[in-house]
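Single-structure report; data block below.
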Amino acid sequence: MAGLSLGQVARDDISRTAIYFVETGKARPSRETLELIAERTGQPMDFFLTGAGSADQHPATRIAELERLLAVGDNHGVVAAADAAFAQNYDPDTTARMQWLASMAHLRLAHPVIGRRLAVAARSRFEQVGDLEMTAQCLANEAQAATLIQDPSAVHMAEGALATARSLRPRSQVLEARVLRVLGHTLISNMRWNEAIECYRDAIAAADVVQDLQQLSLLYSGMSLAHQEIGQIGEATRYAQKALTIHETLNDRISLARSLNNLGWMLVKLGELPAARTHLDRAIRIFEELGVEPGKAAMLMSLASLEVGEGRVETAGVTARRALEIAIRIGEHSTAAEAYILLGRLAERQGRPAEADEAFASGVIEAERSAMVSRLAEVHEAYADVLEARGDLATANQHLKHAIAAHRPAAATAEPRTAIA
């Protein structure tokens, strides 16, 4: 302690054992004892109140530590430290900020339910005290979580976050860039490709996002997927490679797996099946190693499509059913509908029309549950194709009318294979 021995600090009124326990964090001394130690060591009281051995760190120290862990990508460390901090009696403002930081970590670990719950709790406090900047940050987290669980309200949340961010005076360009990125991802999930591209472009223009590689990598992932879906494969490939490079550099395995899946799906559509398999196998392997479920069903659907392209129809059916089981269990209705579309087509191809009819009927139900009109239109359109090939033109026309009624955007030909957020 400040170069002094235990005896020099203790003197006659503090035991050496007490000093040892304080120094090693094995005891929580009284304030009087700390004042004596501070006086004899020449250190301010805050030095001892915020030390690493203290169970109840100063609020600023605790928040700084969570921010540091988040900045270096130690998301598990953030979660553990935040859980320990929540057991302490911090003031409501400190608790809210820690909830927001923990929410960020949970989202990066693909824990959308916990991340959303923490963001909602934090936002309640920030709204109460009129902190609009942090309210926008929390709304952005809620939108990210909603996107991961395929909740169509994600777009509305992200738009609310953007409106709140833009109401600030002065406006924070960094915050606006982040919210625009989140909004772009929600638009991707709703197959609104061109709007998503505009959001990403605005995000790049709003702030110098190059300073935050993690944010930049997610922007590139989104840009890649959107360009892919509107048929600009060259641009899509360029952005995908940039995203992969940054994910590898940051060792962000979850984001890396998502980008590998997106690139693999693009290669399936291009007919480059061996390369696609390399990317998709690696993406799924990463998710399985990490125990991540949100988005895994979409990856399996990418793999099932690849297996159809390889002529492995039976295997594709097995993979699609695996995807369906996960999607239904965790409430990813849009992906469940996609699985039913493929299973319906495979059943028809194998001469099992009754099974195909059942699959498409279930697909309609799941698409309606997802509240994504583009997915609902896709189910009706796919079923119409099957019915037309059977010669049942009357029923096929009915389903085409349903597809038209869903107002499916012309460019929305397929669901993105995984969340980006």
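Looking at the structure I just gave you, is G264 at pLDDT below 90 and either aliphatic (A, V, I, L, M) or out of contact with any Pro (no Cβ under 6 Å at 6 or more places or on another chain) (or both)?
Working: at pLDDT below 90: no; either aliphatic (A, V, I, L, M) or out of contact with any Pro (no Cβ under 6 Å at 6 or more places or on another chain) (or both): yes.
When the stated conditions are applied, G264 does not pass them.
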Q) A361 passes all but one of (1) buried (at least 21 other Cβ atoms within 10 Å of the Cβ); (2) over 22 Å from the mean Cα position of the chain (by Cα); which number fails? A) (1)
(Q) Can you go through A121, A145 and tell me which one is crowded, with 24+ Cβ neighbours inside 10 Å and either modelled with pLDDT of 95 or more or in a loop (DSSP other than H, G, I, E, B) (or both)? (A) A145
Q: Inspect region 334-353 for any residue being in contact (Cβ under 8 Å) with a residue 40 or more places away in the chain and not assigned by TED's automatic domain parsing to the domain that holds A384 and give the result as yes or no.
A: no
Q) What are the pairs, 6+ residues apart or on separate chains, where a residue within region 199-222 that is outside any helix (DSSP H, G or I) has its Cβ under 9 Å from a residue that is crowded, with 20+ Cβ neighbours inside 10 Å and modelled with pLDDT of 85 or more? A) A207/L175; A207/E176; A207/A177; A207/R178; D208/A177; D212/A177; D212/R178
Q: Could you give me the residue pairs with C-beta distances under 8 Å whose first residue belongs to region 76-87 and is in contact (Cβ under 8 Å) with a residue 12 or more places away in the chain, whose second residue is of a type in the set (S, T, N, Q) and outside any helix (DSSP H, G or I) wherever it lies, and which are 6+ apart or on separate chains?
A: A85/Q57
Q: Could you figure out which of (1) within 17 Å of the chain's Cα centre (by Cα); (2) of a type outside the set (A, V, I, L, M); (3) surrounded by fewer than 19 Cβ atoms within 10 Å (Cβ to Cβ) isn't true of E314?
A: (1)
Q | Scope region 376-391; condition touching a His at 6+ places or on another chain (Cβ under 8 Å) and either among the basic types (K, R) or closer than 21 Å to P353 by Cβ (or both); matching residues | A | H380, E381, Y383, A384, L387
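In contact (Cβ under 8 Å) with a residue 12 or more places away in the chain, over 19 Å from I63 (Cα atoms) and buried (at least 22 other Cβ atoms within 10 Å of the Cβ): is that true of M157 in this structure?
Values: in contact (Cβ under 8 Å) with a residue 12 or more places away in the chain: yes; over 19 Å from I63 (Cα atoms): yes; buried (at least 22 other Cβ atoms within 10 Å of the Cβ): yes.
Here the answer is yes, as M157 does meet what is asked.
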**Q.** Of residues in region 280-293 being at pLDDT 95 or above and of a type outside the set (D, E, K, R), the one farthest from H106 (Cα to Cα)
**A.** L280
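In contact with a Pro (Cβ under 7 Å, 6 or more places away or on another chain), within 19 Å of P152 (Cα to Cα), aliphatic (A, V, I, L, M) and modelled with pLDDT under 95: is that true of A371 in this structure?
On the way: in contact with a Pro (Cβ under 7 Å, 6 or more places away or on another chain): yes; within 19 Å of P152 (Cα to Cα): yes; aliphatic (A, V, I, L, M): yes; modelled with pLDDT under 95: yes.
Yes, satisfied.
The values are calculated or read from the model by the stated rules, or taken from the named source; none is laboratory data. In this text the structure is predicted, and so the values were computed from the model without any measurement. Cβ coordinates were reconstructed from backbone atoms using ideal geometry, including for glycine residues, and neighbour counts include every protein chain displayed.
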